[in-house]
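Following: one structure in structure tokens, then a few remarks.
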Amino acid sequence: EYRAHDGRGGEDLWRHEWRIERHTQGEDTILRVQQKGHGRRGHPTRTAWVGDLQVTLRRDGSRLSSRRELHDTLGALLEVEERELDSTTGAGRVTIVDAPSGRTSLRGIRVTRTAIDLEMLPLELRLLPAGDDQRMRFALVTEEGKVVGMEARIVGQEKVEVPAGAFDCYRIDLRATGALGVVAGLLLPKISMWHTVAAPHFWVKYRGPAGGVGSREILRELTRFERQGE
């Protein structure tokens with residue numbers, strides 16, 4: 001479970017829970033992520049959301065399928081977002097339905113072997129400690145369905161204190177690459193994430209923009225972490 005608050009004023013913004021399960025099916029690895037949250041996130045008023053995401057990892061690539069529903073505080077449906085990203089075929093799509101009006105927007109995406117959906121980024125960054133130079137380049141698929149070149153690298157170790165406790169962490173700095181990287185470096189707050197040094201290198205803290213250019217800087221911190229059976 002994580003909480004997000006304003007990086008400058010400290011205002012509480014939202015809370016978000018993840019439940020991650022891992023299974024094997026033949027030679028494939030299947031990850032299922034269930035999530036729910038509530039607060040002020042990407043919407044002018046307080047909302048609540050639930051989501052279900054599944055990733056199938058194969059030797060020749062990966063396939064991601066997800067659905068997220070956004071509701072108002074009275075439970076009325078506001079928006080439905082569905083994603084399909086398949087690196088084995090190179091194709092993807094993001095579909096967003098505005099529930100009150102019924103309007104639908106559809107964005108097609110070219111999906112490469114290095115593409116990472118935003119929701120999967122904290123899990124993918126756990127691979128960095130095992131890398132030769134502890135850095136990776138990838139294509140990030142944003143909430144809006146845009147694809148942005150990125151680089152992540154471990155820049156050191158720090159002791160981090162969050163509501164869930166104190167952890168020895170790797171600090172990971174992220175930056176956009178290419179022409180967009182120059183613009184982002186000028187207009188976006190710096191992006192850093194902290195993952196535990198001890199395996200399974202779970203995500204403890206995030207500091208950076210809440211969304212795209214012009215969005216506020218936020219701080220997300222771990223409030224609770226439980227292993228299955230504990």
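The values are calculated or read from the model by the stated rules, or taken from the named source; none is laboratory data. Since this is a predicted model, take the numbers as computed values, not measurements. Positions of Cβ are generated from backbone atoms using ideal geometry, with glycine treated the same way; all protein chains shown enter the neighbour counts. All accessible areas refer to the heavy atoms of the entire protein, side chains included, with ligands and DNA or RNA removed. Shrake-Rupley method; radii C 1.70, N 1.55, O 1.52, S 1.80 Å.
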> For region 17-80, with only Lys/Arg (+1) and Asp/Glu (-1) charged at the beta-carbon, what is the dipole magnitude about the Cα centre, in debye rounded to 20?
Replying inline: 160 debye
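Rounded if a/c is under 1.5, else prolate if a/b is larger than b/c, else oblate: which is the chain, with a ≥ b ≥ c the root eigenvalues of its Cα gyration tensor?
On the way: a/c = 1.24, a/b = 1.08, b/c = 1.15.
Rounded shape, in that the Cα axes give a/c under 1.5.
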> How far, in nm, would the chain grow between Arg175 and Asp133 when pulled straight, counting 0.36 nm per residue and subtracting the alpha carbon separation?
Replying inline: 13.5 nm
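What is the magnitude of the charge dipole of the chain about its Cα centre, with +1 placed on the Cβ of each Lys and Arg, -1 on the Cβ of each Asp and Glu, and no other charges, expressed in debye to the nearest 20? Intermediate results must be reported in sequence, preceding the final value.
Working: 36 positive and 34 negative charges, 71 e Å.
Magnitude of the dipole: close to 340 debye.
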>> So, R0 is 30 Å and r is the distance between the beta-carbons of Ala198 and Thr45; what FRET efficiency does that work out to, to 0.05?
In response: 0.15
>> Under the 0.36 nm per residue contour assumption, what length would be gained going from the current alpha-carbon distance of Asp52 and Asp28 to full extension?
In response: 6.7 nm
> Between Glu226 and Arg126, how many nm apart are label points set 7 Å from Cα along the C-beta direction?
Replying inline: 1.8 nm
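Between Asp168 and Leu77, what FRET efficiency follows from the Cβ-Cβ distance if R0 is 30 Å, with the result rounded to 0.05?
Numbers: r = 43 Å, r/R0 = 1.42.
The formula returns an efficiency of 0.10 here.
Counting only C-alpha contacts under 8 Å and six or more residues apart, can you give the relative contact order of region 92-171 as a whole percent?
Details: 107 pairs, mean separation 16.1, N = 80.
That works out to 20 percent.
Starting from 0.36 nm per residue, how many nanometres of slack lie between Leu118 and Asp6 once their C-alpha separation is accounted for? Working shown, then result.
Values: separation 112, 0.36 × 112 = 40.32 nm, distance 2.00 nm.
Here the answer is 38.3 nm.
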> Between Val155, Pro129, Cys169, whose Cα lies farthest towards the positive end of the dipole of the chain when Lys and Arg beta carbons carry +1 and Asp and Glu beta carbons carry -1, centred on the Cα centre?
Replying inline: Val155
>> With a 1.4 Å probe and all protein chains left in place, how much of the accessible area of the chain comes from carbon and sulfur atoms, in whole percent?
In response: 48 percent
